[in-house]
1. Would you tally the residues in segment 54-98 being over 21 Å from residue 119 (Cβ atoms), part of a loop (DSSP other than H, G, I, E, B) and within 12 Å of the chain's Cα centre (by Cα)?
2. Could you count how many residues in segment 39-56 are surrounded by fewer than 19 Cβ atoms within 10 Å (Cβ to Cβ) and in contact with a helix residue (DSSP H, G or I) (Cβ under 8 Å, 6 or more places away or on another chain)?
3. Please work out which residue is nearest to residue 53 (Cα to Cα), limiting yourself to segment 83-103 and to residues that are touching a residue at least 24 places away in the same chain (Cβ under 8 Å), touching a helix residue (DSSP H, G or I) at 6+ places or on another chain (Cβ under 9 Å) and exposed (fewer than 15 other Cβ atoms within 10 Å of the Cβ).
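Derivation of every value follows stated rules applied to the coordinates shown; laboratory data play no part. Because the structure is a prediction, the values reported are computed rather than measured. A quick note on method: Cβ atoms are made from the backbone with ideal geometry, for glycine too, and the neighbour counts reach across all protein chains shown.
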């Protein structure tokens, strides 16, 4: 009985440890690698959070219509290894973002490369990079 309880407790602990991995999505589940995109606009918000940092860019099309884009980056830890800092993107910055569109057609994309206001091009630490390098 005691051995069964120990096995059950260990199994439950392993299940709890795996929960974050189960909640995480793959690149292919949400984004389309056959739909690259590139936009230039003004950063409106930056979220430096796990499991993925995000930032939002206001983009004007050729007719002057404004759209707010949501870009997913890698995790903050991956971004730091890529040379990013919390201060790399700030509200009001003009940036160019290259990435891949969401499959659902929304203004959501997985960023691959970001051209910062100082002209530096930095990788976004996204899951797509593993597929493309």
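1. Final tally of qualifying residues: 2.
2. 4
3. Residue satisfying both the conditions and the ranking: 86.
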